[in-house]
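Here the structure is laid out as structure tokens; the discussion comes afterwards.
The values are calculated or read from the model by the stated rules, or taken from the named source; none is laboratory data. Keep in mind it's a predicted model, so treat the numbers as computed, not measured. We place every Cβ from the backbone using ideal geometry, glycine too, and count neighbours over all the protein chains shown. We work out accessible area using only protein heavy atoms, side chains counted, and drop any ligands, DNA or RNA first. Shrake-Rupley method; radii C 1.70, N 1.55, O 1.52, S 1.80 Å.
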Amino acid sequence: MKNIALLSLLLLLLGCNPQTGKGPTGLDEIPTYSALPNMPKNVILMIGDGMGLTQITAGMIKNDNKLNLERCQFTGLHKSYSYDNLITDSAAGATAFACGIKTYNQAIGVGPDTLPRKTILELLTRAGYKTGLVATSTIVHATPASFYAHVANRKQYEDIATALSTCNVDYFVGGGLKYFNRRENDERDLVKEMMDNGYQMSNYFEADFDSVEPDPTKKFGYLTADNDPLMASQGRNYLQPATEEALQFLKAKSADDGFFLMVEGSQIDWGGHGNDANYIVTEMIDFDNTIGKVLDFAQADGETLVVITADHETGGFAINPGSTKEEIIAAFTTKNHTGTMIPVFAYGPGASLFSGIYENTEIYYKIRHALGMPVMEPGR
Ligand code: MG
Ligand code: ZN
């Protein structure tokens, strides 16, 4: 045991991934991809947190054996392990997509050395793209946070909110109002600060999402809950309208520049942690309904790449013998995440890049390639 710990430490000092002995990206070298016949103008990355193959299958069974996901033209599998653990958490999992680097569990937008790595959202903002984030967790939760914040630990919610307030994202919808306007570590009111900096801000206390009209001459933020949003089964119903609004808003605002939107079905994971098949299924169907609207947009637009995947599987979920389409006999191996490979679905120009089996970090590399901004140096 001691020797294993020493070996891990040595590999860490050498900048190698203790899971594979390879560099922090999990890759031997910069991957190269063939030139695309058509390049996308916009990219929409949809993450079903904890959405393994069984979560997808259960949602499909309970949705009359059909999902919008099936409209995707290309499918692949990614290897989800993190820098320090064969079983990733959502922080390292999203950082792999956002920064192209495998990092330690709990890390948000930082490498194994805890130093910040530029995220795809930051990179594209700098390149003139408009950007958006929509989640059914708090907007400071690990998955969305990994696209704009750089903190050593995912629990630094107030620090993450501070990072959001200055990251210049054009549109965001998610929970977590209290981390902005009733902070424990300082007296700042980030909602007010953001309004002073050109944001139109609203929240569920002030107005229903549907009654707010985002003004594309401003940036837009809407906080859907004080802390975690409700479950879909309790009446949470904003994922689909907030995503559709994001598409119209970002398309109008981006004009010739293109946009990047990340949409997270956050609570599929929470159903897995709870070993609750009904929770998984209702969240999966909510996410898939949103996928349908996104694919409608991409189909009509013709210039949008849609990539749909998960960070990891949660629960070791199985559909056991005796299951019927009326009733799934669910089994679970754990209340935590598991290490199984994760499906990737892609639609639109560039979608062919996403077939095959590859490291989770390659999602980042492939998106950059599709946008004509290939990576020159791994992890940069
Ligand atoms: Mg998440
Ligand atoms: Zn989880």
Problem set entry | Long-range neighbours under 6 Å by Cβ, at least six apart or interchain, first residue among the β-branched types (Val, Ile, Thr) within region 152-168, second in a helix (DSSP H, G or I) | Ile160/Ala145
Problem set entry | Residue match in region 330-337 (condition: closer than 26 Å to Arg71 by Cβ and over 20 Å from the mean Cα position of the chain (by Cα)) | no
Seminar exercise, completed: Inside region 162-188, the number of residues satisfying the requirement of being closer than 21 Å to Gly93 by Cβ, assigned to a helix (DSSP H, G or I) and either open to solvent by 50 Å² or more (accessible area, probe 1.4 Å) or within 16 Å of ligand 1 (Cβ to nearest atom) (or both) is 1
Exercise. Going by the conditions given, is Glu264 over 21 Å from Tyr33 (Cβ atoms), in contact with a Pro (Cβ under 7 Å, 6 or more places away or on another chain) and at pLDDT 95 or above?
Worked result: yes
For this session: Among the residues of region 113-171, count how many are hydrophobic (A, V, I, L, M, F, W, C), within 16 Å of ligand 2 (Cβ to nearest atom) and either over 25 Å from Glu184 (Cα atoms) or touching a strand residue (DSSP E or B) at 6+ places or on another chain (Cβ under 7 Å) (or both).
Result: 3
For this session: Only residues that are within 16 Å of ligand 2 (Cβ to nearest atom) and either in contact with a Leu (Cβ under 9 Å, 6 or more places away or on another chain) or within 21 Å of Ser352 (Cα to Cα) (or both): list them for region 36-51, please.
Result: Ile47, Gly48
Problem set entry | Hits in region 97-108 (condition: in contact with a Phe, Trp or Tyr (Cβ under 7 Å, 6 or more places away or on another chain) and within 14 Å of ligand 1 (Cβ to nearest atom)) | Phe97, Ala98
Exercise. Being in contact with a Leu (Cβ under 7 Å, 6 or more places away or on another chain), at pLDDT 95 or above and within 16 Å of ligand 2 (Cβ to nearest atom), is that true of even one residue in region 332-344?
Worked result: yes
For this session: Please work out which one of (1) open to solvent by less than 10 Å² (accessible area, probe 1.4 Å); (2) touching a residue at least 24 places away in the same chain (Cβ under 8 Å); (3) not in a loop (DSSP other than H, G, I, E, B) is the condition Ala92 fails and give its number.
Result: (2)
Problem set entry | Unmet requirement for Gly322, which otherwise passes all of (1) open to solvent by less than 60 Å² (accessible area, probe 1.4 Å); (2) on the phi > 0 side of the Ramachandran plot | (1)
For this session: Count, please, the residues in region 41-83 that happen to be assigned to a strand (DSSP E or B) and over 18 Å from Met262 (Cβ atoms).
Result: 5
